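The values are calculated or read from the model by the stated rules, or taken from the named source; none is laboratory data. In this text the structure is predicted, and so the values were computed from the model without any measurement. Because the Cβ atoms are built from the backbone with ideal geometry, glycine has one as well, and the counts that use them run over all protein chains shown. Side chains are part of the model used for accessible areas, which takes the heavy atoms of the whole protein and leaves out ligands, DNA and RNA. Shrake-Rupley method; radii C 1.70, N 1.55, O 1.52, S 1.80 Å.
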Amino acid sequence: MEKARPLWANPLQFVFACISYAVGLGNVWRFPYLCQMYGGGVASVVVSFFLSMYYNVINAWAFWYIFHSFQDPLPWSVCPLNANRTGYNEECEKASSTQYFWYRKTLNISPSIQENGGVQWEPALCLILAWLVVYLCILRGTESTGKVVYFTASLPYCVLIIYLVRGLTLHGATNGLAYMFTPKLEQLANPKAWINAATQIFFSLGLGFGSLIAFASYNEPSNNCQKHAIIVSLINSATSIFASIVTFSIYGFKATFNYENCLNKVILLLTNSFDLEDGFLTPSNLEQVKSYLASTYPSQYGEVLPQIKNCSLEAELDTAVQGTGLAFIVYTEAIKNMEVSQLWSVLYFFMLLMLGIGSMLGNTAAILTPLTDSKAITKHLPKEAISGLVCLISCAVGMVFTMEAGNYWFDIFNDYAATLSLLLIVLVETIAVCYVYGLRRFEGDLQSMTGRSLNWYWKIMWAGVSPLLIISLLLFYLSDYILTGTLQYQAWDASQGQLVTKDYPVYALVFIGLLVASATMCIPLAALGTFVMRRLKRGDAAPVA
């Protein structure tokens, strides 16, 4: 007899699995960035495979930072000495200690994507460890995943609550919160702000990857999917706001610290240059004294003017950073200035690790469920071996991201592997359900599951609003790519200690095109293949005259 399909031990495991998958790194680093900027199937398997190849690299970086968080002082809190031990490293001095640790010690990044360099063995070992953890979590299917998601879904909230209490007590936290909740009304007229808002919730929930469908396939048919969809959506959105409050309280502390540090350097410079009495210059009278010195001692003031920095709290808060920059530079910049910084560092990067692993369980489920459901594959290989092969292949390909140019390839996958592809996948899913399968039939299926008929809101959203919104997003992305011209990337310039903009080489542009096409072309090719196979079967079944 055919073996029964495994099920979740209880409905709560399914909800926790969805929350663990949906609530991920995007809630922590992309949503706060958008607030800062604007104020407030078959193809699914391919996209999930692309995502899993590079997404687990973030978990590897989290492991790397956790291992270094036990050092005193934190290795990113100070610049290392130069080779002659006569001063600090020049690259670090031009950048900052946190940027230096990220770009030089963690990534050992090359000057451009053309210079691949070798594999960095320490990040490579961290990547192997990250994939080993994922494999152990998915080894027994829902039996092991169902237990892990309790931990990966709940622990980040515990850490966020601890960070919230700590963040709100930091000096300057109110500056960050005021900045977060102050709307930029002029951005309401910016269509890009609305598009980014739509895509944030779209990608935050993980629609189109197949992970939620894979998780749902292990439910009882009588599962109340409507209630669970609402619960996961509300928790996901609430988490984004909650994480932003935590982020901006810490961001306000960092901005205030840098602003006051800048003022103190200017005060010290002017006090020494003009032999002023200690304590005479203060932040409150700085501008007034600067005007007086400039008018009274113009030549002497002109000599020190190039060394006087323009200190601005607003400019510090306006510095928009997302993704790896927010997670591994901005947060570490704030953490290094906290008391007992090692503790806060371990907590923060352990939270990132839990968020990343929770999302990886969903990504791998979207790949493994179609494979393990295929009798053609499972009759030759057990499920544990299939899981192991997927993890092994993903880990091997992921070694590309541990090379010196690996971060540039990471950005390519992050920016292009799951953008247009996902929009097209979800559009096809929506049209297939509403207009091919039929909205009435689908409504009947849901009614038999939940015991209740759908109200008008769901029907309007599925049949009208959702397709129009997704088509608008597709048109926007296509026009944005066309108007942008040659695609560019941010490369690290060690001589300047900062990022510089460069054009992608031709082969990188070709790879980006293939990356997008490889997922999007699965849909028409699979449809064509199905059509041809059905026509051939009909031809074989035709009666012989």
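Give me the one-decimal nm value for the distance between modelled label points at Asn84 and Tyr435, 7 Å along each residue's Cα-to-Cβ direction.
Each label point is offset 7 Å from its Cα along the Cβ direction, giving 7.2 nm.
For a test of the definition: using alpha carbon positions, the gyration tensor, and the 1.5 limit on a/c, classify the range 368-486 as rounded, prolate or oblate.
On the way: a/c = 3.41, a/b = 1.23, b/c = 2.76.
Oblate, since a/c reaches 1.5 and b/c is not below a/b.
Rolling a 1.4 Å sphere over the protein heavy atoms, what is the accessible area per residue of the chain, to the nearest Å²? Intermediate values should be presented prior to the final figure.
Details: 26810 Å² over 545 residues.
Solvent-accessible surface per residue comes out at 49 Å².
Taking a cut-off of 13 Å between Cα atoms, list the aspartates and glutamates near Lys375, but don't count ones fewer than 8 places away on the same chain.
By straight Cα distance, Lys375 reaches Glu2.
If you project the alpha carbons of the range 39-85 onto the principal axes, what extent comes out on each, in Å, largest first?
The principal-axis extents, from largest down, are 57, 34, 22 Å.
Taking only the alpha carbons of the range 434-545, what extent do you get along each of the three principal axes, in Å, biggest first?
75, 50, 25 Å, listed from the longest principal axis down.
Hey, which of these cross-link pairs are over 22 Å Cα-Cα: Lys265/Lys336; Lys227/Lys459; Lys184/Lys459; Lys254/Lys290; Lys94/Lys336? Could the numbers behind the result be given before it?
Numbers: Lys265/Lys336 19 Å; Lys227/Lys459 16 Å; Lys184/Lys459 34 Å; Lys254/Lys290 26 Å; Lys94/Lys336 18 Å.
Table pairs above 22 Å Cα-Cα are Lys184/Lys459; Lys254/Lys290.
Where does the range 70-151 land on Rg/Rh, using Cα atoms and the Kirkwood Rh? Provide the component values of the computation, followed by the final result.
Working: Rg = 18.8 Å, Rh = 16.0 Å.
With Rg and the Kirkwood Rh in hand, the quotient comes to 1.17.
Just need log10 I(q)/I(0) for the range 349-391 at q = 0.13, 0.31, 0.32 Å⁻¹, Debye formula, equal scatterers on the alpha-carbon atoms, no solvent, rounded to two decimals.
-0.35, -1.02, -1.06
Roughly how many Å² of Thr369 are accessible to a 1.4 Å probe, to the nearest 10?
In the full protein context, Thr369 sits at about 10 Å².
So if the hydrodynamic radius of the range 140-202 is defined as the Kirkwood radius over C-alpha pairs, what does Stokes-Einstein give as its diffusion coefficient at 20 °C and 1.002 mPa s, in µm² per second?
Numbers: Rh = 15.5 Å.
In µm²/s, the coefficient is 138.
Arrange the peptides 385-392, 182-189 so that the one whose residues have, on average, the most other Cβ atoms within 10 Å appears first.
Values: 385-392: 17.1, 182-189: 11.2.
Answer by packing, highest mean first, reads 385-392, 182-189.
First compute the accessible area of the chain with a 1.4 Å probe, then give the percent of it belonging to carbon and sulfur atoms. If you can, show how the numbers build up before the last one.
Values: 17170 of 26810 Å².
Carbon-and-sulfur percentage of accessible area, whole number: 64.
Can you tell me the order of 305-314, 220-229, 87-96 when each peptide is scored by its average per-residue count of other Cβ atoms within 10 angstrom, highest first? Before the final figure, lay out each step's value.
Working: 305-314: 12.0, 220-229: 13.8, 87-96: 17.0.
The packing order, highest mean first, is 87-96, 220-229, 305-314.
What fraction of the Cα pairs in the chain, stated in percent, has a spacing above 34 angstrom?
46 percent
Given the Cα atoms of the range 367-430, and with Rh set as the inverse mean 1/r over their pairs in the Kirkwood sense, what is Rg to Rh to two decimals?
Computed over Cα atoms, the ratio is 1.11.
By average Cβ neighbour count within 10 Å, what is the ranking of 448-460, 144-156 from highest down? Walk me through the numbers on the way to the answer.
Values: 448-460: 11.6, 144-156: 19.8.
Result, highest mean Cβ count within 10 Å first: 144-156, 448-460.
Of Gln71, Ala255, Thr486, which is farthest towards the positive pole of the chain's charge dipole, taken about the Cα centre with +1 and -1 on the beta-carbons of Lys, Arg and Asp, Glu respectively?
Of the listed residues, the answer is Thr486.
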